[in-house]
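**Student:** Sending over a structure as structure tokens; questions will come in a sec.
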Amino acid sequence: MRMLNLGILAHVDAGKTTLTERLLYAAGVIDEIGSVDDGSTQTDSLPLERQRGITIKSAVVSFVIDDVTVNLIDTPGHPDFIAEVERVLSVLDGAVLVISAVEGVQPQTRVLMRTLQRLHIPTLMFINKIDRGGAQCERVLQGIVEKLTPAIIPMGSTSGLGTRGALFAPYGAADADFTSRLVDLLADDDDAFIAAYVNDETTLSYRQLRGKLAAQTKQALVHPVCFGSAITGAGVDSLIAGIKELLPAAEGDVDEPVSGTVFKVERGSAGEKIAYVRLFAGTVRVRDRLQFDRDNEAKVTAISVFDLGSAVRRASVAAGQIGKLWGLGDIQIGDTLGRPRTTSEHHYFAPPTLETVIVPRRPADKGALHVALTQLAEQDPLINLRQDDVRQELFLSLYGEVQKEVIQATLANDFKIDVEFRETTTICIERPIGTGAAVEILHKAPNPFLATVGLRIEPAAVGSGVEFQIEAQLLGSMPLAFFQAVEETVRETLQQGIYGWEITDCTVAMTHSGYLGKHGLGHQRFNKSLSSTGEDYRKLTPLVLMSALKQAGTRVCEPMHRFHLEVPADTLGAMLPALARLDAVPHTQELRGSPCVLEGEIPAARVRELQQQLPALTRGDGVLECAFDCYQPVRGTISTRPRSDHNPLNRKEYLLHVTRRV
Ligand SMILES: Nc1nc2c(ncn2[C@@H]2O[C@H](COP(=O)(O)OP(=O)(O)OP(=O)(O)O)[C@@H](O)[C@H]2O)c(=O)[nH]1
Ligand SMILES: [Mg+2]
């Protein structure tokens, strides 16, 4: 049996969960189609999802198309839950990007498509809701070409747009327009193909063209587009045929050593940890001992595998499948099973841009709150729980207000803890401005450590993160463990820059190294106080790095959102000055007709104010959509905005503290 792990992604409310339901129905897994609005779908199974009618967590269901088992992952579309999407990206073989035929390409659609392309995930597009009033076809296609990618091909035509009877009819060999568009599209990436075509148009059979289309779709070079309606079922059969024909199902090697990725962690009814794993190679059986990150090893006590809808208990899970594993107490999201991880941690989307202080309404709940949040952070590592040393307050990272409400409701429902939030602030980053270097040499005052560390820090491309390099002449000059200690400490130290924000988009090069080894001690026994240890490097590195960083200087950058605003034409006069007051900059405006469309950038810190002012400014008719876009230097005269609880004095004390060798 071949397997296909398929993600359904889209802007909020485009119809992912409804489409999932429709696919399960068409595949014969369910007899009745559930509805998001009644809270009866398979994948929106959490009480909160059913109450609110939105997806909050990614959920897996499975169905079979002929000889292919599809594990389908329904993801949330709301930008506050983008972390849920991020975690599943590394386990997907392919994706369906859903776009509403009424709303067209929306801000989150862009964010998602950009990432799917960056990761080369083969993607089909499904233009949903063709039955809804206002549904359009050409305009949406044009929007896709302009805002997402020109490498698309509509796979059929629609009729009765905007009515319950709207239909989708797939093109075939006889549609000359379709075949010539196919040739144009496919030739773009294939010179031999175009040569064959130029020589003799008729030598290319329709079957060859479809084969080529499948090959290029599987390489994520082109994106076939189907239309339909998840509510009426129109176009769903063609989508299913497309999933089978055009996306890369594969048979994993079940006899190889185990290799897998954990993309979701949840707690069972008895509080036990359950890890969702996509297995790329090998077979895991109950009672197997499994190795995973951070040198952990544990015994698998139970397994279930997704089969015809939900997960069922099995004795094993094999390559290609998604399984739930019990017994791995220390497992975390993102962990690799079996073979050690080869790449460093990847974030495909921007991390949360807001941070809030969370406090229990009953002070006595403080301990319980800490425990509960630690458990939530286990399922959602990006909420990044931290406690500040001075005020002993708990800080949570957040994407937005909806996520905040969901955390509040989860704490109340599942843990019986009432909480409130204080002071939501934006999380900035710091980028180095120039190059800085520093070095501390062994046995040379004031260096109190038995280690030599030299570091140079310089700016790198925006979005590149932190790269650590060891300069060539140092390689092999010191035990690897010491280099590792330096790299780990560099990454740790960069969590808090000069103004207290995380430093990113830089390269740190190790320029000097040195150690005192056991061999230097002659006949004496190994003596910790006379030879270098990892601790020496862990304590010296922050001092060297911070002094290099001060030399380089840093610039505080704040998160910016891209906004898409639709407002009645006659409210524009009030809207534009309001945007200016909020530091929002419109780049494009479509002022003809009503509503007018404004698109541009706004600091993340001001989005909430805009949301609050919008109803009054537009008589309640304004529609605002925002998605994170980039980090930009904080504007105005104050280009350095320190973190609220950042206390340079503390940092100094910390550095003084670490200079004492123990
Ligand atoms: N008319 C019409 N309505 C649809 C269609 N598909 C979904 N809807 C409606 O659109 C709304 C959102 O549908 P969902 O399936 O929850 O959308 P979603 O993409 O899963 O939303 P999130 O998971 O919250 O991002 C619901 O009210 C659906 O009934 C469709 O094809 N036609
Ligand atoms: Mg949904």
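The values are calculated or read from the model by the stated rules, or taken from the named source; none is laboratory data. The model shown is predicted, which means the values in this text are computed figures rather than measured ones. Here the Cβ positions follow ideal geometry from the backbone for every residue, glycine too, while neighbour counts run over all protein chains shown. For accessibility, only protein heavy atoms count, side chains too; no ligands or nucleic acids. Shrake-Rupley method; radii C 1.70, N 1.55, O 1.52, S 1.80 Å.
**Student:** Mind checking which residues of region 15-45 are open to solvent by 60 Å² or more (accessible area, probe 1.4 Å), within 12 Å of ligand 1 (Cβ to nearest atom) and under 18 Å from H78 (Cα atoms)?
**Tutor:** Result: D37, single match.
**Student:** Look at region 56-81 and say how many of its residues are within 19 Å of R118 (Cβ to Cβ) and away from ligand 1 (no atom under 11 Å from the Cβ).
**Tutor:** Adding up the residues that qualify gives 1.
**Student:** Still on this model: Of everything in region 157-181, what is crowded, with 20+ Cβ neighbours inside 10 Å and touching a strand residue (DSSP E or B) at 6+ places or on another chain (Cβ under 6 Å)? Give them in sequence order.
**Tutor:** T158, F168
**Student:** I would also like to ask the following. Checking the structure you have, find out if any residue of region 64-78 is open to solvent by 10 Å² or more (accessible area, probe 1.4 Å), out of contact with any Gly (no Cβ under 7 Å at 6 or more places or on another chain) and within 12 Å of ligand 2 (Cβ to nearest atom). Before the answer, list the steps.
**Tutor:** Keep residues of region 64-78 that are open to solvent by 10 Å² or more (accessible area, probe 1.4 Å), which gives 64-67, 69, 78.
Now restrict to residues that are out of contact with any Gly (no Cβ under 7 Å at 6 or more places or on another chain): 64-67, 69, 78.
Right, trim to within 12 Å of ligand 2 (Cβ to nearest atom) and you get 78.
Checked region 64-78: at least one residue is open to solvent by 10 Å² or more (accessible area, probe 1.4 Å), out of contact with any Gly (no Cβ under 7 Å at 6 or more places or on another chain) and within 12 Å of ligand 2 (Cβ to nearest atom).
**Student:** Related question: Part of a helix (DSSP H, G or I), under 30 Å from A438 (Cβ atoms) and modelled with pLDDT under 90: does that describe K550? Steps first, answer last, please.
**Tutor:** Numbers: part of a helix (DSSP H, G or I): yes; under 30 Å from A438 (Cβ atoms): yes; modelled with pLDDT under 90: no.
In short, no.
**Student:** Any idea which residue in region 422-444 is modelled with the highest pLDDT, counting only those that are outside any strand (DSSP E or B) and open to solvent by less than 50 Å² (accessible area, probe 1.4 Å)? Give the derivation first.
**Tutor:** Step one: of region 422-444, the residues outside any strand (DSSP E or B) are 427-428, 433-435, 441-444.
Next, only the ones that are open to solvent by less than 50 Å² (accessible area, probe 1.4 Å) stay: 427-428, 434, 442.
Numbers: I427: 89, C428: 91, G434: 97, L442: 92.
Within region 422-444, the match that is modelled with the highest pLDDT is G434.
**Student:** While we're here: In region 125-155, which residues are open to solvent by less than 20 Å² (accessible area, probe 1.4 Å) and within 16 Å of ligand 1 (Cβ to nearest atom)?
**Tutor:** M125, F126, I127, N128, I130, A135, V140
**Student:** Restricting to region 456-501, count the residues that are in a loop (DSSP other than H, G, I, E, B), in contact (Cβ under 8 Å) with a residue 24 or more places away in the chain, more than 29 Å from V634 (Cβ to Cβ) and open to solvent by 40 Å² or more (accessible area, probe 1.4 Å). Spell out how you get there, then give the answer.
**Tutor:** Step one: of region 456-501, the residues in a loop (DSSP other than H, G, I, E, B) are 460-465, 471, 475-479, 494-501.
Checking the rest, the ones that are also in contact (Cβ under 8 Å) with a residue 24 or more places away in the chain come to 460-465, 471, 477-479, 494, 496-501.
Checking which are more than 29 Å from V634 (Cβ to Cβ) leaves us with 471, 477-479.
Subset that is open to solvent by 40 Å² or more (accessible area, probe 1.4 Å): 471, 477, 479.
Number satisfying all stated conditions: 3.
**Student:** Let me ask you something else. So is A249 in contact with a strand residue (DSSP E or B) (Cβ under 9 Å, 6 or more places away or on another chain) and not acidic (D, E) or not? Working first, answer last.
**Tutor:** On the way: in contact with a strand residue (DSSP E or B) (Cβ under 9 Å, 6 or more places away or on another chain): yes; not acidic (D, E): yes.
Here the answer is yes, as A249 does meet what is asked.
Matching residues to (1) touching a Phe, Trp or Tyr at 6+ places or on another chain (Cβ under 7 Å); (2) part of a loop (DSSP other than H, G, I, E, B); (3) closer than 24 Å to I65 by Cα; (4) open to solvent by less than 20 Å² (accessible area, probe 1.4 Å):
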site: E266; (1), (2), (3), (4): no, no, no, no
site: A275; (1), (2), (3), (4): no, no, no, yes
site: L279; (1), (2), (3), (4): no, no, yes, yes
site: L290; (1), (2), (3), (4): no, no, no, yes
site: A298; (1), (2), (3), (4): no, no, no, yes
site: V317; (1), (2), (3), (4): no, no, yes, yes
site: K324; (1), (2), (3), (4): yes, no, yes, no
site: I331; (1), (2), (3), (4): yes, yes, no, yes
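**Student:** Another one. Within the set of pairs 6+ apart or on separate chains, which have a first residue in region 30-47 that is under 17 Å from T232 (Cβ atoms) and without any contact (Cβ under 8 Å) to a residue 60 or more places away in the chain, a second that is among the β-branched types (V, I, T) and near ligand 1 (Cβ under 9 Å from one of its atoms), and C-beta atoms under 8 Å apart?
**Tutor:** Going by the 8 Å Cβ cut-off, the qualifying pairs are G34/T41; S35/T18; S35/T41; V36/T17; V36/T18; T41/T17; T41/T18; T41/T20.
**Student:** Of (1) more than 13 Å from ligand 2 (Cβ to nearest atom); (2) aliphatic (A, V, I, L, M); (3) under 28 Å from V222 (Cβ atoms), V12 satisfies all except one. Which?
**Tutor:** (1)
**Student:** Quick one: which of Q408, Q375, Q403 is open to solvent by less than 40 Å² (accessible area, probe 1.4 Å) and in a helix (DSSP H, G or I)? Step through it out loud before you land on a result.
**Tutor:** Working: Q408 fails: open to solvent by less than 40 Å² (accessible area, probe 1.4 Å); Q375 fails: open to solvent by less than 40 Å² (accessible area, probe 1.4 Å).
Checking each option against the conditions leaves just Q403.
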